[in-house]
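Q: One structure is given below, represented as structure tokens, and several questions about it will come after.
The values are calculated or read from the model by the stated rules, or taken from the named source; none is laboratory data. All values derive from a computational prediction rather than experimental measurement. Note that each Cβ is placed from the backbone with ideal geometry, even for glycine, and that neighbours are counted across all protein chains shown. When the accessible area is computed, the model is the full protein with side chains, heavy atoms only, and any ligands, DNA or RNA have been set aside. Shrake-Rupley method; radii C 1.70, N 1.55, O 1.52, S 1.80 Å.
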Amino acid sequence: MTKTRNPWVVSDLPTGTVTFLFTDIEGSTKLLHELGTNRYSEALAEHRRRLREAFARYGGVEVDTQGDAFFYAFPTAPGALAAAAEGREALASGPIRVRIGLHTGTAHPSEEGYVGQDVHRAARIASAAHGGQVVVSAATAALVAGDELRDLGEHRLKDLSAPERIYQLGEGDFPPLRSLYRTNLPVPSTPFLGRERELEEVTDLLAREDMRLVTLTGPGGTGKTRLALQAAAAQAERFREGVWWVPLASLRDPQLVLEQAAQMLESKNGLAEHIGDKRLLLLFDNFEHVAEAAPNLAGLLVACPNLELLVTSRERLRLAGEREYPVPPLAEKEAVALFIERAMSVQPDEHVHAICDRVDHLPLAVELAAARTTALSPRQILERLEQRLPLLTGGPRDAPERQQTLRATIEWSYELLSDDEQNVFARLALFTGGCTLEAAEQVCDAHLDTLQSLVEKSLVRYTNERYWMLGTIREFAGQQLAYGDEYASTAAAHADYFAALAERAESRFGASDEASWIKLLAREHDNFRVALAYSDGAPHQLRLVSALWRFWEQQGHYGEGRRWLDAALARREGAPAMSVAGALLGAAVLARAQGDFEEAGRRATESIAIARGAGLRLVEARAVGTLGNIALAQRDFRRGAELLAKTEALFRELGDEKRLAVTMNNRAYLALELGEFEVAFTLADECRGLSRKMGDRASVLSAGLNLSLAAHSLGRHETAKEALQEALELARDLGHAAFLADALIVAAARIASGDPDTAAALVAVADRARRELMLELDPVELGVRAAVENELRGTYRIDLPGDASEDDLLLSLEAATVRALDALAALASRT
């Protein structure tokens, strides 16, 4: 139970043997309609006051209150029973009637109140009672005077526990307890935890008159059976002739499914005849390996008009009227709670959260990991989960063999696949982060029908137009791929596919659809990493790095990009000149961005030599331009001007207007450095216009920043503001980390006098980007930043804060961009 602290709640909870008391209002929704909102609120508040007074008199400690329910703990059972009696009497004259349940057991205090089976038992006992009724467990009854209690006999509660003897306080007459009867639902060995949302959704489906067949689907270990049992128990009152569990795991012949159900119901004359028009629920558990029997269930529903079916299966039955409910993994909070409950002696910490993440929040995997706490600490478990399957063993001996290890659970599903499905399943393991249909078809030779079948069998998932696997299942699939003889051919196909994809994307840089290709590359980044790792030393690797370096530059992956480029170039012997020259150019650009000018110059010079020897004039021109930018960054303006002039001549000769415009923008930057603001303004404005016409948004952005700086220096403030706003919006849309950092510094300079706090925050985010990406500020931006810092400190006494945000860097940059645009708009409205 989640704990909600309020002034009534005492922090010192009783320990040792404790009596737990739960209350709940009967018919609260109906009462709300009868009394109206105001009168009900008054009655609810009065009910709380009276119960709190009564419970406090006997040493009760309020653990939690939720809506119209209380959870109290008492140090003694007689005190708890006396408090319940007085609380009931205190409410007798009012409109509210509460059910009260008590159970005595061992307290396990935690940060959230109490945990353990005894707490859940007390809550279930209370839920079985009626308004005005006080019921207690045998454990509590043994500790109080017996003449006050009336024996109600043994009952199975809706937590599916073993039969529990229940006693009632006083002689009042009430309807039969809300407990299970006419059922063979098994008794779980552990309490049901979490899944409140899923349980409510499944029970709502079962409660619908038009919903007679509900199938819970999901991979092995996701908790389908436990959820189905709990939902069936929760709906037991609707089925006068009972709720019956039909286990199918041991069956191999689909023809025996209905016969198995008949045995569970002790039918002597055929299942349909036995059921007839009786109102009952059948729970068919583990239907996936006898799926051919599905039509028999359809016939049974036709023959028995009041019968309802709940099925667990790793794939849907494909029957008319079936409602599929995919059972998701646990939410993170639920997975951690399950781990703590099963481990008991462990406190929740970052290692426990990481363990639950690593095992995909699958209930079976979480329980198997928790079982290891008898020999390993959570930190040690996490270290050994680099490979999940070997550690996740050792389930209870009384569990089915397929549930004693996670591997056996997944293998159970794998063995039900056809040969073609097994092959595609294994090949899909090579993808990290999933794949598109096109990628699966080309790399895995997968057909749509096969992929759909794997999705329906809960081994593969399909969301956002991508096929993917849970990490635990992907690890098993990867082992199948490694054990077979297809790993090398599949990995080669994977590398070839992504090399071609990278080359297609690289050709769209500077085009109007560049942003969509950048998003595609970002989505497939993990797959590119896999392809690069497999291609180590192979031609594919140089193809990949020479096509990907502009993506790495734009997204801020400077360090990683340089490592991949260096690795590929170290094994370039015999590689095509185009790939080598392109990779060298990329290495030069990324090195320059990080201020490694010596390495940048060496790589650019080498790229020029190879490109010139192979007649690759475009690569040569780009490399010469990069040398020019390196010279500018080192404040060697004379050499920078010479190289940029040479670059411009090469691009004019080649007729490449797009890169000619880029070179004009670099010259505009040089003019800014030299204080020639009119020249800078003209060049940047012309470059921005040409780039916009050609759809090169990154160049529009870069030219806009230069134009804004030049316009501000010339006193053309409207142009400066418009160019800066457009640059900020483009940088945000493109997700270009370096340009975003530059634009934030320029924006901070424009708003410092009107909104110094926001200006300081923008510089802090830009500084964080520079640190994390290991970028060097160009001289112009360095001067702008210094001016902003001096103004903030000298005029406003504001020191630049460190950016303490734990958000992803790109998210922090985007949020800062929104703040900058708002600040610019606010300043414009005041002028």
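Q: Give me a count of the residues in segment 722-741 that are over 31 Å from the mean Cα position of the chain (by Cα) and either within 14 Å of Q555 (Cα to Cα) or in contact (Cβ under 8 Å) with a residue 60 or more places away in the chain (or both).
A: Taking segment 722-741 and keeping what is over 31 Å from the mean Cα position of the chain (by Cα), we get 722-727.
If we keep only those that are either within 14 Å of Q555 (Cα to Cα) or in contact (Cβ under 8 Å) with a residue 60 or more places away in the chain (or both) too, we end up with 724-725.
Residues in segment 722-741 being over 31 Å from the mean Cα position of the chain (by Cα) and either within 14 Å of Q555 (Cα to Cα) or in contact (Cβ under 8 Å) with a residue 60 or more places away in the chain (or both): 2 in total.
Q: Next question. Among the residues of segment 143-176, write down those that are modelled with pLDDT of 80 or more, of a type in the set (A, V, I, L, M, F, W, C), open to solvent by 20 Å² or more (accessible area, probe 1.4 Å) and out of contact with any Phe, Trp or Tyr (no Cβ under 7 Å at 6 or more places or on another chain).
A: Listed by number, the residues that qualify are L143, V144, F174.
Q: Go through (1) surrounded by fewer than 19 Cβ atoms within 10 Å (Cβ to Cβ); (2) touching a residue at least 60 places away in the same chain (Cβ under 8 Å) and name the single condition A769 misses.
A: The number of the failed condition is (1).
Q: When residues of segment 663-700 are filtered for being within 42 Å of the chain's Cα centre (by Cα) and without any contact (Cβ under 8 Å) to a residue 40 or more places away in the chain, how many remain?
A: Matching residues across segment 663-700 total 5.
Q: Going by the conditions given, is Y483 open to solvent by 10 Å² or more (accessible area, probe 1.4 Å), in contact with a helix residue (DSSP H, G or I) (Cβ under 9 Å, 6 or more places away or on another chain) and free of Cβ contacts under 8 Å to residues at least 12 places away in the same chain? Can you show your working first?
A: Details: open to solvent by 10 Å² or more (accessible area, probe 1.4 Å): yes; in contact with a helix residue (DSSP H, G or I) (Cβ under 9 Å, 6 or more places away or on another chain): yes; free of Cβ contacts under 8 Å to residues at least 12 places away in the same chain: yes.
Answer is yes for this residue.
Q: Related question: Name the residue, out of S413, S458, that is open to solvent by less than 70 Å² (accessible area, probe 1.4 Å) and either modelled with pLDDT of 90 or more or on the phi > 0 side of the Ramachandran plot (or both).
A: Details: S413 fails: either modelled with pLDDT of 90 or more or on the phi > 0 side of the Ramachandran plot (or both).
Answer to the check: S458.
Q: Just one of R635, R592, R571 is open to solvent by 20 Å² or more (accessible area, probe 1.4 Å), of a type in the set (K, R) and part of a helix (DSSP H, G or I); which is it?
A: Criteria check complete, one pass: R592.
Q: I want to confirm something. Restricting to segment 524-537 and keeping residues that are without any contact (Cβ under 8 Å) to a residue 60 or more places away in the chain and surrounded by fewer than 16 Cβ atoms within 10 Å (Cβ to Cβ), which single residue is farthest from L813 (Cα to Cα)?
A: Within segment 524-537, the match that is farthest from L813 (Cα to Cα) is G537.
Q: Then there's this: Would you tally the residues in segment 497-523 being over 15 Å from F551 (Cα atoms) and buried (at least 17 other Cβ atoms within 10 Å of the Cβ)?
A: Number of matching residues: 1.
Q: I'd like to verify a number: residues in segment 195-220 that are open to solvent by less than 20 Å² (accessible area, probe 1.4 Å) and farther than 17 Å from R323 by Cα, how many?
A: Of the residues in that region, 3 qualify.
Q: Kindly indicate which of R384, R397 is closer than 21 Å to A343 by Cβ, open to solvent by 60 Å² or more (accessible area, probe 1.4 Å) and at pLDDT 75 or above. Steps first, please.
A: Working: R397 fails: at pLDDT 75 or above.
One residue alone meets the criteria, R384.
Q: Does segment 405-435 hold any residues that are among the β-branched types (V, I, T), part of a helix (DSSP H, G or I) and within 27 Å of F528 (Cβ to Cβ), and which are they? Talk me through it step by step, then tell me what you get.
A: Quick first cut of segment 405-435, residues among the β-branched types (V, I, T) only: 405, 409-410, 424, 432.
Next, from what is left, pick out any that are part of a helix (DSSP H, G or I): 409-410, 424.
If the condition is that a residue be among the β-branched types (V, I, T), part of a helix (DSSP H, G or I) and within 27 Å of F528 (Cβ to Cβ), then V424 is the only one that fits.
Q: For segment 552-559, check the following and say yes or no: at least one residue is over 29 Å from the mean Cα position of the chain (by Cα) and either of a type in the set (D, E, K, R) or open to solvent by 10 Å² or more (accessible area, probe 1.4 Å) (or both). Can you show your working first?
A: Looking only at segment 552-559, we keep the residues that are over 29 Å from the mean Cα position of the chain (by Cα), and these are none.
Within segment 552-559 (the criterion being over 29 Å from the mean Cα position of the chain (by Cα) and either of a type in the set (D, E, K, R) or open to solvent by 10 Å² or more (accessible area, probe 1.4 Å) (or both)), the answer is no, since none of the residues qualifies.
Q: In addition: Tell me yes or no: at least one residue of segment 646-654 is more than 14 Å from V780 (Cβ to Cβ), of a type outside the set (V, I, T), under 43 Å from the mean Cα position of the chain (by Cα) and modelled with pLDDT under 95.
A: In the first step, residues of segment 646-654 are kept if they are more than 14 Å from V780 (Cβ to Cβ); the result is 646-654.
Still in the list and also of a type outside the set (V, I, T): 646, 648-654.
Within this subset, residues satisfying the condition of being under 43 Å from the mean Cα position of the chain (by Cα) are none.
Checking segment 646-654: not a single residue is more than 14 Å from V780 (Cβ to Cβ), of a type outside the set (V, I, T), under 43 Å from the mean Cα position of the chain (by Cα) and modelled with pLDDT under 95.
Q: Can L51 be described as touching a residue at least 12 places away in the same chain (Cβ under 8 Å) and closer than 15 Å to G131 by Cβ? Let's see the steps before the verdict.
A: Details: touching a residue at least 12 places away in the same chain (Cβ under 8 Å): yes; closer than 15 Å to G131 by Cβ: yes.
So L51 fits the description; yes.
Q: Can you find a residue in segment 562-571 that is under 22 Å from A621 (Cβ atoms) and not aliphatic (A, V, I, L, M)? Working first, answer last.
A: So the first thing to find is which residues in segment 562-571 are under 22 Å from A621 (Cβ atoms), and the list is 565, 569.
Checking which are not aliphatic (A, V, I, L, M) leaves us with none.
No - not one qualifying residue is present in segment 562-571.
Q: Scan segment 786-802 and tell me whether some residue there is surrounded by 15 or more Cβ atoms within 10 Å (Cβ to Cβ), touching a Lys or Arg at 6+ places or on another chain (Cβ under 6 Å) and under 13 Å from A761 (Cβ atoms).
A: Our first condition is that a residue be surrounded by 15 or more Cβ atoms within 10 Å (Cβ to Cβ); within segment 786-802, this holds for 788-789, 791-792, 798, 800.
Keeping just the survivors that are touching a Lys or Arg at 6+ places or on another chain (Cβ under 6 Å) gives none.
No, segment 786-802 contains no residue that is surrounded by 15 or more Cβ atoms within 10 Å (Cβ to Cβ), touching a Lys or Arg at 6+ places or on another chain (Cβ under 6 Å) and under 13 Å from A761 (Cβ atoms).
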